[in-house]
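Take a look at the structure below.
The values are calculated or read from the model by the stated rules, or taken from the named source; none is laboratory data. Note that the coordinates shown come from a computational prediction; the quantities given were computed from them, not determined experimentally. Methodologically, a virtual Cβ is constructed for each residue, glycine included, from the backbone with ideal geometry; neighbour enumeration extends over all protein chains shown.
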Amino acid sequence: MDIETFRVCCLSQPLATEDMPFDDTVVAFRLKGRIFGCLMLDKPDVVVLKCEPERAEDLRMRFPAIEGAFHWNKKYWNQIRLDGSVPDPLIEELVRHAWEQVNRKLPKIHRVEG
């Protein structure tokens, strides 16, 4: 997977938006203002996704290309190297999982149904 495919996958999630909140190299993907994923334009082989803590640990043990995200709370955030060792369908599923993690934490009135 490349970063453009990752970007399209993130933006295909319901009500997903993108912005550059930190600087002109970090693209954040959000649901109702809350980040569920990021990509770094200066490191096009690395993306960051929110993840349920137990699943995050399991993924890190199974895939050397998945690690705790640098500069993020490693309990909840994974960085994934797009080196081809993590199958694209799994990355797509992890994008959906990240979006769901954010949606689940929204106040009930703001959650996306469906």
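Here region 71-114 is the region considered, the condition is being within 11 Å of the chain's Cα centre (by Cα) and β-branched (V, I, T), and the residue that is farthest from L59 (Cα to Cα) is V102. Can you say whether D88 is farther than 15 Å from M1 by Cα and of a type in the set (D, E, K, R), as far as the supplied structure shows? Considered against the rule, which asks whether it is farther than 15 Å from M1 by Cα and of a type in the set (D, E, K, R), D88 comes out as no. Within region 95-110, residues that are at positive phi and at pLDDT 95 or above reach no partner that is loosely packed, with under 15 Cβ neighbours inside 10 Å and in a helix (DSSP H, G or I) with beta carbons closer than 7 Å at six or more positions or on different chains.
Inspect region 93-102 for any residue being loosely packed, with under 12 Cβ neighbours inside 10 Å and under 16 Å from C38 (Cβ atoms) and give the result as yes or no. No, every residue in region 93-102 fails to be loosely packed, with under 12 Cβ neighbours inside 10 Å and under 16 Å from C38 (Cβ atoms).
Among the residues examined, A56 qualifies as among the aliphatic types (A, V, I, L, M), crowded, with 20+ Cβ neighbours inside 10 Å, over 22 Å from E4 (Cβ atoms) and free of Cβ contacts under 8 Å to residues at least 40 places away in the same chain. Inspection of region 13-24 identifies at least one residue that is more than 13 Å from the chain's Cα centre (by Cα), loosely packed, with under 13 Cβ neighbours inside 10 Å and of a type in the set (F, W, Y). Across region 53-61, a minimum of one residue is classified as within 23 Å of R104 (Cα to Cα) and under 12 Å from the mean Cα position of the chain (by Cα).
The residues on offer are N73, N78, and the sole one that is under 23 Å from K105 (Cβ atoms) and part of a strand (DSSP E or B) is N78.
Is it true that some residue in region 33-43 is surrounded by 12 or more Cβ atoms within 10 Å (Cβ to Cβ), of a type in the set (A, V, I, L, M, F, W, C) and farther than 20 Å from D19 by Cβ? Checked against the condition, which is being surrounded by 12 or more Cβ atoms within 10 Å (Cβ to Cβ), of a type in the set (A, V, I, L, M, F, W, C) and farther than 20 Å from D19 by Cβ, region 33-43 yields no hits at all.
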